[in-house]
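What follows is a single structure, written as structure tokens, with notes after it.
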Amino acid sequence: MGSLASERKVVGWAARDATGHLSPYTYTLRNTGPEDVVVKVLYCGICHTDIHQAKNHLGASKYPMVPGHEVVGEVVEVGPEVTKYGVGDVVGVGVIVGCCRECSPCKANVEQYCNKKIWSYNDVYTDGRPTQGGFASTMVVDQKFLVKIPARLAPEQAAPLLCAGVTVYSPLKAFGLTTPGLRGGILGLGGVGHMGVKVAKAMGHHVTVISSSSKKRAEAMDHLGADAYLVSSDAAAMAAAADSLDYIIDTVPVHHPLEPYLALLKLDGKHVLLGVIGEPLSFVSPMVMLGRKAITGSFIGSIDETAEVLQFCVDKGLTSQIEVVKMGYVNEALERLERNDVRYRFVVDVAGSNVEEAAADAASN
Ligand SMILES: NC(=O)C1=CN([C@@H]2O[C@H](COP(=O)(O)OP(=O)(O)OC[C@H]3O[C@@H](n4cnc5c(N)ncnc54)[C@H](OP(=O)(O)O)[C@@H]3O)[C@@H](O)[C@H]2O)C=CC1
Ligand SMILES: O=C/C=C/c1ccc(O)c(O)c1
Ligand SMILES: [Zn+2]
Ligand SMILES: [Zn+2]
């Protein structure tokens, strides 16, 4: 255990405005407290939420903003009251880094639903400083919001599990959808969706990918292990699949009609919205009444569920399918993600990108 330096300057890659373009940014980390852990970032996945936030899709973005919430790092220093982690441990940080600890969701260990949760970036910490995410050399995180990365998971492979992985695992558990033999649909085969296929298959489900094109068909069936593949614009195939699914995990990040998908659900089927869409979605009420169908949503997963999904992946031999890139490629990666050109998650090799040097170079040019 060491005493923590009170203030330290670090370099991250920040968006400055709603273009969402990231560039090196030097800032001061928040003061560290007794239960804080200083984490040297190794890898950070790029989630579509990073685009929503960097480009102000929800209208609440604050700049400069260092995105990144699928963070795997190494503990380099711990506060005097840190009991769970030691220097050298490999840990994960996800979407939230604070909560009130007193409300009903906090007491039930589903702190992601705390109304006073603190987001890992684009938020304000208890000391009044902006929170900044994982596209940075270092983060300071309260031990409660860290998870240990199992030794059997490669750190770059683990990164997408901290958001994409737990985001599909949590609703399957919460809505009682873990029974083998269930028939599930994964709508949108991206970062979250591909983990949906893998996790649902590992639970013993029959999995149908529902995609906007046929481009990912061969890979979904041959590599991800999907059992069926539907192209949403193929009216005949969609009609043939009516009333066949127990649930749909909907990961589409843009406005889309719900009715074609509600039609695929069986009696009591559940449509779980995961995509972040800032415009109203609509459907006519008989689409849910005639079949007692439910439209619901889910937000990431708890710290406990994050630890659980990491162990689930170890036990089932699951890995994420990733493309590892350097920080200097991050803007191209964001553009490619937005135009649906990645199979299936970019992960930035932050420690291998010399972000401190890049900032010094940028300053001297
Ligand atoms: N609820 C939560 O807690 C979480 C929510 N999210 C949200 O979930 C959504 C998906 O995230 P993520 O998986 O990272 O995103 P990706 O971009 O990786 O995947 C989205 C998929 O949706 C499909 N799609 C359909 N229309 C479009 C379009 N116009 N542009 C892009 N993709 C389209 C594509 O699949 P196909 O080619 O098969 O059609 C695409 O691969 C985002 O809105 C994100 O913010 C993310 C994590 C947690
Ligand atoms: O990627 C994780 C975050 C998801 C998210 C869900 C809902 C919402 O309003 C957000 O701003 C982000
Ligand atoms: Zn995310
Ligand atoms: Zn709370």
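The values are calculated or read from the model by the stated rules, or taken from the named source; none is laboratory data. Please read all numbers here as calculations on a predicted model, not as lab measurements. All Cβ positions, glycine included, derive from the backbone under ideal geometry; neighbour counts span all protein chains shown. What goes into the accessible areas is simple: the full protein's heavy atoms, side chains included, and nothing from ligands, DNA or RNA. Shrake-Rupley method; radii C 1.70, N 1.55, O 1.52, S 1.80 Å.
Just to be sure before I move on: is residue 93 assigned by the TED database to the domain that holds residue 125 and within 13 Å of ligand 3 (Cβ to nearest atom) in the structure I sent? Criteria met by residue 93.
Yes/no matrix, rows are residues, columns are (1) open to solvent by less than 30 Å² (accessible area, probe 1.4 Å); (2) within 15 Å of ligand 3 (Cβ to nearest atom):
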{"site": "26", "(1), (2)": "no, no"}
{"site": "29", "(1), (2)": "yes, no"}
{"site": "33", "(1), (2)": "yes, no"}
{"site": "37", "(1), (2)": "yes, no"}
{"site": "65", "(1), (2)": "yes, yes"}
{"site": "80", "(1), (2)": "no, no"}
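What are the residues in the stretch 56-84 that are away from ligand 2 (no atom under 12 Å from the Cβ) and over 21 Å from residue 8 (Cα atoms), if any? Give the steps one after another, and end with the answer.
Going residue by residue through the stretch 56-84, those that are away from ligand 2 (no atom under 12 Å from the Cβ) are 62-66, 71-84.
Listed by number, the residues that qualify are 62, 83, 84.
Scanning for something open to solvent by less than 50 Å² (accessible area, probe 1.4 Å), aromatic (Phe, Trp, Tyr) and in the same structural domain as residue 195 (by the TED database), does the stretch 282-291 turn up at least one residue? Before the answer, list the steps.
As a first pass, look at the stretch 282-291 and keep what is open to solvent by less than 50 Å² (accessible area, probe 1.4 Å): 287-288, 291.
From what is left, the residues that are aromatic (Phe, Trp, Tyr) are none.
No: zero hits.
For the stretch 132-148, indicate whether the set of residues that are open to solvent by less than 20 Å² (accessible area, probe 1.4 Å), in the same structural domain as residue 310 (by the TED database) and assigned to a helix (DSSP H, G or I) is non-empty. Within the stretch 132-148 (the criterion being open to solvent by less than 20 Å² (accessible area, probe 1.4 Å), in the same structural domain as residue 310 (by the TED database) and assigned to a helix (DSSP H, G or I)), the answer is yes, since at least one residue qualifies.
Failed condition for residue 300, given (1) in a helix (DSSP H, G or I); (2) within 16 Å of ligand 4 (Cβ to nearest atom), with all others met? All conditions are met except number (1).
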